[in-house]
Amino acid sequence: MTVNRRDVLLKGGATAAALATTAAAQPAAAQETQWHHTADVVVIGSGAAGLPAAIVAKEAGSSVIVVEAQPHVGGHARCSGGNLPLGGGNSIQKKYGIEDSPDLVFKDLTDWSVVQPNGFPDYRYNDHEIIRAFADNSAPTVEFLLAHGVVFVDKPPDRRGGSSVGNSVLRTLHCAPMDWPLIQTGAPASPANRTTMSTGNGLMQPLDAAARRIGVEYLLEHKMTKIHRENGTSGRVIGITADNKGTVVNIRARKAVIIATGGSTGNVNFRRMFDPRLTEEYCGLAGMPYSDQDASGEIAGMAVGAALWGLYNQTAETGSSLTKPGQIGTQYGYVNLRWMPGSPVFSKARATGLRVSDWQNVITVNMLGKRFYDETGRQFTANAYKGIDPYSHGSYLNAKNVRFDPNNWINAAMAGIGDGKNGGGAVWAIFDSAAVEREKWDPKPPNVDIEGGFFFSADTIPELAKKIAMKYQRVPMPPQNLARTVGDYNSYVDVGRDFDFGKPRPLYTIAKPPFYAAWAVPVLHDTRAGLRINGRCQVVDMNGETIPGLYCGGESAGGFGMHGLPRCTCQGYIAGKNAAAETARA
Ligand SMILES: Cc1cc2nc3c(=O)[nH]c(=O)nc-3n(C[C@H](O)[C@H](O)[C@H](O)COP(=O)(O)OP(=O)(O)OC[C@H]3O[C@@H](n4cnc5c(N)ncnc54)[C@H](O)[C@@H]3O)c2cc1C
């Protein structure tokens, strides 16, 4: 039930009297807070975890308010690729004869013997209670999505787009966009792609429609800033405070509050608790600028006593937590997300970026104008179907079937320049106009962000180095360094051998003006550690006790090192069910 703010704050009469009566029955701290809205369940965030939670809770008979910081619904989930590796023996797996079960999902996601090509143990640090709940609820979550309008591409599940999802069977489903407009372009997909491509629009748009249809209330542009417990840091959680464009709005939760705020990688101070290298130059998070992952859920949860959980997973060198940029010359270079001029958030994104199809066409240099790695080097990988082959559950011999691969363009890019500072600083892709022709790039706005300082050009290499000046280039690039780097590289091309980093047969000299420098820092993606939860998605405190009335799911929850949508949708489903089953307070 929503009470108009003006009724509460300005008017006397019946509304105020009714509120006064209700207030008399409430505990002390609740009385001090003037509530502007009330619902049984308050969900913070309208993404992959938030919307399933809201719908499930509403259909179980609870009134639900979803509080969303952005003016639009869907979070990172709407920007996503919609690749959804949720197995467990769902109806689509059955349709295509794939044998899976909750037990197999559980065994897969707790198999200590699975290691990655870089030697990291993928599943060793998952919390078994959380994985058991995920395993048991994976197939029901798929059926829930189907029942609420999500259309999956009609083909057998595959292994595309999922990581840390288990070695044993094919589990990835793909959400079809149908006629919904794509957030990336502002227009629907082409008719040929509407039932065949995979996109998060196809996941979140139907869920948004379903939520509205059944009467879930939204408060958009309401950013949660505080969670209230009855007695400060003890007692039940009774509501939240949100900021609505400078106005304080208090929202009471009669049953529960669900944190579904999407993680912490956008908060520099928070993310540096896990990895001090992650300084401010990593400013182009995947999913931004559609929504941020600013740790507000974690911080508000911790302020009322919540613990963090599974912190190892945040720094494990596995999966897409840190990615190599796919687009260069733009702040937002995530490989699987390209903002096009028709997108409603394009004015914030400012440029599409230049998609790199072949890293032979550029060299990457640090702030000093020096190369640091083979540009064709890759990023971390994570376990997917037959990632280890042959594979035998729990066998120590699995490790020998993984091929060693140092994989670390990312780590080299973030190594720094030896000036005693944290963070690798700016990384620039350097190329010439011959590369522009080969890649068929048009190095002008709106494809590159010149105004923001993410793209430079010049007629000579030393001039180019002199021009590179922006917030994150913390030292001037010595022109002679860049000239020497390019000269050396061109000589390696001439003899067909990269003497510095072993780039496989360097192919093209950088010799034809004009020359270009395009922003190419690693992109931060997943949050894989967050608030401590139990199998019911209840938030747990530092003493191991649940915080009554507080739930969390998705990237803001810890204990489960899986990429993306499966754990988020499934935990939203679990949290919504359990929150709705709480007893409503008067
Ligand atoms: C480009 C891209 C491609 C991806 N592709 C895939 C894929 O193919 N498969 C896959 O499995 N995963 C994919 N992912 C990852 C997946 O989208 C995320 O893991 C998932 O959306 C996280 O769900 P969530 O509910 O935790 O957060 P989100 O979906 O981001 O939702 C969080 C919501 O909370 C809101 N919020 C945050 N703080 C507050 C606050 N204080 N008050 C109110 N609201 C707040 C945010 O604005 C946002 O709307 C992709 C991600 C991106 C960015």
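Miscellaneous remarks
- Odd one out for N126, checked against (1) within 21 Å of D526 (Cβ to Cβ); (2) more than 13 Å from the ligand (Cβ to nearest atom); (3) over 19 Å from the mean Cα position of the chain (by Cα): (3)
- Filtering the stretch 76-92 to residues that are at positive phi and near the ligand (Cβ under 9 Å from one of its atoms) leaves only G82.
- V249 satisfies every condition listed in (1) within 15 Å of the ligand (Cβ to nearest atom); (2) under 18 Å from D541 (Cα atoms); (3) surrounded by fewer than 24 Cβ atoms within 10 Å (Cβ to Cβ); (4) β-branched (V, I, T) except (2).
- Evaluated against (1) out of contact with any Lys or Arg (no Cβ under 9 Å at 6 or more places or on another chain); (2) at pLDDT below 95; (3) surrounded by 17 or more Cβ atoms within 10 Å (Cβ to Cβ), N401 falls short on exactly one condition, (3).
- Note on the stretch 39-75: among residues that are more than 13 Å from the ligand (Cβ to nearest atom) and in a loop (DSSP other than H, G, I, E, B), the one that is surrounded by the fewest Cβ atoms within 10 Å (Cβ to Cβ) is G61.
- Of the helices (runs of 4 or more DSSP H) lying entirely inside the stretch 81-151, those containing at least 2 residues that are under 26 Å from N398 (Cβ atoms) span 102-109, 128-147.
- Pairs linking a residue in the stretch 563-586 that is modelled with pLDDT under 95 to a residue that is away from the ligand (no atom under 16 Å from the Cβ), with Cβ atoms under 6 Å and 6 or more positions apart or on different chains, are R585/R254; A586/A25.
- Scan of the stretch 37-58 for residues that are of a type outside the set (G, A, S), touching a Lys or Arg at 6+ places or on another chain (Cβ under 9 Å) and farther than 21 Å from P71 by Cβ, ordered by number: T38, D40, V41, V56
- Look at the stretch 169-187: where a residue is of a type in the set (V, I, T) and a partner is in a strand (DSSP E or B), sitting 6+ places away or on another chain with Cβ atoms under 6 Å, you get T172/N83; T172/P85; T172/D158.
- Any hit, the stretch 311-321, residues being aliphatic (A, V, I, L, M) and in a loop (DSSP other than H, G, I, E, B): yes
- Any strands (runs of 3 or more DSSP E) falling wholly within the stretch 483-575 and containing at least 1 residues that are within 16 Å of the ligand (Cβ to nearest atom) and surrounded by 16 or more Cβ atoms within 10 Å (Cβ to Cβ): 538-540, 546-552
- Residue in the stretch 93-107 that is of a type outside the set (A, V, I, L, M, F, W, C) and under 27 Å from G266 (Cα atoms) present: no
- Within the option set L104, L173, L146, being aliphatic (A, V, I, L, M), more than 22 Å from S321 (Cβ to Cβ) and surrounded by fewer than 17 Cβ atoms within 10 Å (Cβ to Cβ) holds for one residue only, L146.
- Flag if I450 is of a type in the set (V, I, T), free of Cβ contacts under 8 Å to residues at least 40 places away in the same chain and surrounded by fewer than 19 Cβ atoms within 10 Å (Cβ to Cβ): yes
- Segments classed as strands (runs of 3 or more DSSP E), wholly inside the stretch 173-287, with at least 2 members that are in contact with a strand residue (DSSP E or B) (Cβ under 7 Å, 6 or more places away or on another chain), at negative phi and hydrophobic (A, V, I, L, M, F, W, C): 223-231, 234-244, 247-259
- Pairs with Cβ under 7 Å, 6+ apart, first in the stretch 335-351 and under 22 Å from L322 (Cα atoms), second outside any loop (DSSP other than H, G, I, E, B) and hydrophobic (A, V, I, L, M, F, W, C): L337/C79; W339/F346; W339/A349
- Residue selected from the stretch 18-71 under the condition charged (D, E, K, R) and modelled with pLDDT of 95 or more, by the criterion farthest from T247 (Cα to Cα): E59
- Restricting attention to the stretch 463-478, the residues being more than 33 Å from the chain's Cα centre (by Cα), surrounded by fewer than 19 Cβ atoms within 10 Å (Cβ to Cβ) and of a type outside the set (D, E) number 3.
- For the stretch 304-322, a residue qualifies if it is surrounded by fewer than 21 Cβ atoms within 10 Å (Cβ to Cβ) and of a type in the set (S, T, Y), and the qualifying residues are Y312, T315.
- Qualifying residue in the stretch 228-242 (condition: under 17 Å from the mean Cα position of the chain (by Cα) and either within 10 Å of the ligand (Cβ to nearest atom) or at pLDDT below 95 (or both)): no
- Selection within the stretch 407-425 - under 23 Å from G333 (Cα atoms) and in a loop (DSSP other than H, G, I, E, B): N407, N408, M414, A415, G416, I417, N422, G423, G424, G425
The values are calculated or read from the model by the stated rules, or taken from the named source; none is laboratory data. As the structure is a prediction and not an experimental result, all values here were calculated from the model. Glycine gets a Cβ as well: all are built from the backbone with ideal geometry, and neighbour counts include every protein chain shown.
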